[in-house]
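The values are calculated or read from the model by the stated rules, or taken from the named source; none is laboratory data. Here the structure is a predicted model, which means the values were calculated and not measured. Cβ: placed from backbone, ideal geometry, glycine included. Neighbour counts: every protein chain shown. Heads up: the accessible areas ignore ligands, DNA and RNA and are worked out on the full protein's heavy atoms, side chains in. Shrake-Rupley method; radii C 1.70, N 1.55, O 1.52, S 1.80 Å.
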Amino acid sequence: MTLTALGSGPLAVGVAAWVFNRHKLHVVMRTALVSGFLFYATGLIALGFDVGRPWNFYSALLPWRWNAESAMLEISICMPLYCAAFLAFENLPLVLERFYYTGSDRTRSVLRGIAPFLRRIYPS
């Protein structure tokens, strides 16, 4: 639970930096996002052991093997989805910026083409 609580801190930093336009927090936001991803990834590893048998963790991907009465079912499904979807959404600008500065001219032109779409999705 502690890792989940620490991992949700970057969400508050992101809300303060993007939604409330606190541009001073953009300096801290990248570090916060990376630490949030690391906390959630570590929490997922701990979840694998908490379920009881980490070698059977793949059963969360097979709906016909789910135990509907298990309290850990929701956690086993929601935490990986959060890591895969929401944290990828949070870290996508960092990855694309890295590709822009280190990529070829073709990569830069593709990123310039999708930039207007990304500006509409991400708050300024």
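Some observations on this one:
- Accessible surface of the chain [probe 1.4 Å, protein heavy atoms]: carbon and sulfur percent: 68 percent
- Full-extension gain in nm, A84 to A41, via 0.36 nm per residue minus C-alpha separation: 14.5 nm
- Computed [θ] at 222 nm, helices only, for the chain once each DSSP H run of length n ≥ 4 contributes -39500 (n - 2.57): -20500 deg cm²/dmol
- Every Cα-Cα pair of the chain was included, and the share exceeding 26 Å stands at 37 percent.
- Hydrophobic long helices, here whole DSSP H runs in the chain with Kyte-Doolittle means of at least 1.0 and Cα atoms spread over 27 Å or more along the helix axis, are found at 26-50.
- Stretch gain in nm, segment D105-E69, where the contour uses 0.36 nm per residue and the Cα spacing is subtracted: 7.6 nm
- Distance between the 7 Å Cα→Cβ label points at V15 and F117: 2.9 nm.
- Ranked packing of 72-82, 93-103, 31-41, most packed first, by mean Cβ within 10 Å: 31-41, 72-82, 93-103
- Extension gain for A5-H26 works out to 5.4 nm (0.36 nm per residue, less the C-alpha to C-alpha distance).
- Farthest toward positive dipole pole in the chain [+1 Lys/Arg, -1 Asp/Glu at C-beta], among C83, H26, G103: G103
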